[in-house]
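Below is one structure; the comments refer to it alone.
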Amino acid sequence: MPEIPEKQWAQVIEKSGSVEYKQIPVRKPGPDEVLVNIKYTGVCHTDLHALNGDWPLDRKMPLIGGHEGAGVVVAKGDLVGDDIQIGDHAGVKWLHGSCLSCDFCQQADEPLCPKALLSGYTVDGTFQQYCVAKAAHVSRIPKNVPLDGVAPVLCAGITVYKGLKESGARPGQTVAIVGAGGGLGAMALQYAKAMGLRTLAIDTGDDKKDMCLNKLGASAFVDFAKSKDVVKDVMAASPDNLGPHAVLLVAVAEKPFQQAAEYVRPRGTVVCIGLPAGAYLKAPVFSTVVKMISIKGSYVGNRQDGAEAIDFFSRGLINIPIKKAGLSELSDVYDKMKKGEIAGRYVLDTSK
Ligand code: 8ID
Ligand code: ZN
């Protein structure tokens, strides 16, 4: 049996806007739970929304954020079955738990469960060394998969993979990724490529441009801050100048949510994923109708989407730039994220 300490390091939000690195007790798992020794955890922009409390959704307080945690199962409750064992590698994702019996859960739409529990939001998450998680919902991670690389798959990867499926785009077609230089965006470029799609990246700055074009396989990059007319430039970069077949909106700003319907291709689909605070969608009724476009939302993924997203990663198809920091440095990562300075994803080592 692995030795489990009584105390551990964690990043705790006591009040909106600030986080404190301190020692807290290690919890014991309940009957249907496992205790995961988190080795690495990604930092998602959702964690910054949770820190600031800028969404119309109540969160736990005090709160330990984080929902991209990869680690090792060190304890399990009495009701947990044989399919998960001590020593197994597991991932803690945003969807911490769901009732498993409502209309949505029965149809594998568990993110829509009215009783869904959310890691790092309504229950404590992965910015701690030992995290309790519902056994039914932890992702199974094969032992040959590196835990630092797979951590961002647990939210960013699953979410964009699901979003790409929801877009209905088929191999050979073009998908615009709006916010391509961030964590979800970088993942979206890689999943889209692995799914046989062409990608068009929209974001800003030379670092992100270089990453999107030279590391992640985008066929074009539109800099939204330099462009005089984003709609025109996106159309010009797409096949026949008719616009991309699908648009994945993963930016944390309202404006792109009000532009996408204008450049998406006739019959195309706009998939909203990013959650900028207080933002509203906008689309001209006339062109929505005569172009027969679809606009929809996409919210994380179910357990099967998670397993598939991890499988893509384990086959070596997903490779995004990862920046490393210690769990103790979370505040610095938030500062960079606020300024939009992170190309790709930060992953925290919980031992530092
Ligand atoms: O299930 C979901 N729907 C889900 C899951 C996970 C995360 C939704 N999210 C949400 C987060 O809460 C957040 O609101 O997706 C959003 C993006 O998360 P992220 O990728 O973790 O954020 P980031 O790494 O900060 O990247 C955001 C990028 O958007 C760019 C920025 O430059 C940055 O690279 N961006 C902005 I701000 N404005 C833009 C614009 N006008 C833009 N890119 C293009 N056009
Ligand atoms: Zn997330």
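The values are calculated or read from the model by the stated rules, or taken from the named source; none is laboratory data. The shown structure was predicted, so the numbers you read here are calculated from the model rather than taken from an experiment. Neighbour counts are summed over all protein chains in view; Cβ atoms, including those assigned to glycine, are modelled from backbone coordinates with ideal geometry.
Of all residues in region 214-237, those satisfying the criterion of being away from ligand 1 (no atom under 13 Å from the Cβ), of a type in the set (A, V, I, L, M, F, W, C) and in a helix (DSSP H, G or I) are Met235, Ala236.
Here Val300 meets the list (1) in contact (Cβ under 8 Å) with a residue 40 or more places away in the chain; (2) assigned to a loop (DSSP other than H, G, I, E, B); (3) of a type in the set (A, V, I, L, M); (4) over 27 Å from Ala10 (Cβ atoms) almost entirely, failing just condition (4).
How about region 104-126: which of its residues are more than 17 Å from Ile64 (Cα to Cα), touching a residue at least 40 places away in the same chain (Cβ under 8 Å) and assigned to a loop (DSSP other than H, G, I, E, B)? Ala108, Asp109 - these are the residues of region 104-126 that are more than 17 Å from Ile64 (Cα to Cα), touching a residue at least 40 places away in the same chain (Cβ under 8 Å) and assigned to a loop (DSSP other than H, G, I, E, B).
Looking at region 210-229, which of its residues are among the basic types (Lys, Arg) and free of Cβ contacts under 8 Å to residues at least 40 places away in the same chain? Passing the criteria: Lys226, Lys228. Checked across region 176-186, the condition of being on the phi < 0 side of the Ramachandran plot, over 18 Å from the mean Cα position of the chain (by Cα) and modelled with pLDDT of 95 or more holds for no residue. In region 118-125 there is no residue matching the filter, namely being surrounded by 23 or more Cβ atoms within 10 Å (Cβ to Cβ), more than 15 Å from ligand 2 (Cβ to nearest atom) and closer than 22 Å to Ala309 by Cα.
What do you reckon, is Val36 surrounded by fewer than 22 Cβ atoms within 10 Å (Cβ to Cβ), of a type in the set (A, V, I, L, M) and part of a strand (DSSP E or B)? No; evaluated as a whole, the condition is false for this residue. For region 235-256, state whether one or more residues are of a type in the set (Asp, Glu) and without any contact (Cβ under 8 Å) to a residue 60 or more places away in the chain. Yes, region 235-256 contains at least one residue that is of a type in the set (Asp, Glu) and without any contact (Cβ under 8 Å) to a residue 60 or more places away in the chain.
Given the condition over 14 Å from the mean Cα position of the chain (by Cα), over 20 Å from Lys208 (Cβ atoms) and modelled with pLDDT under 95, answer yes or no: does some residue in region 328-348 qualify? Within region 328-348, not a single residue is over 14 Å from the mean Cα position of the chain (by Cα), over 20 Å from Lys208 (Cβ atoms) and modelled with pLDDT under 95. The residues in region 309-329 that are buried (at least 22 other Cβ atoms within 10 Å of the Cβ) and in a helix (DSSP H, G or I) can be counted, and the count is 4.
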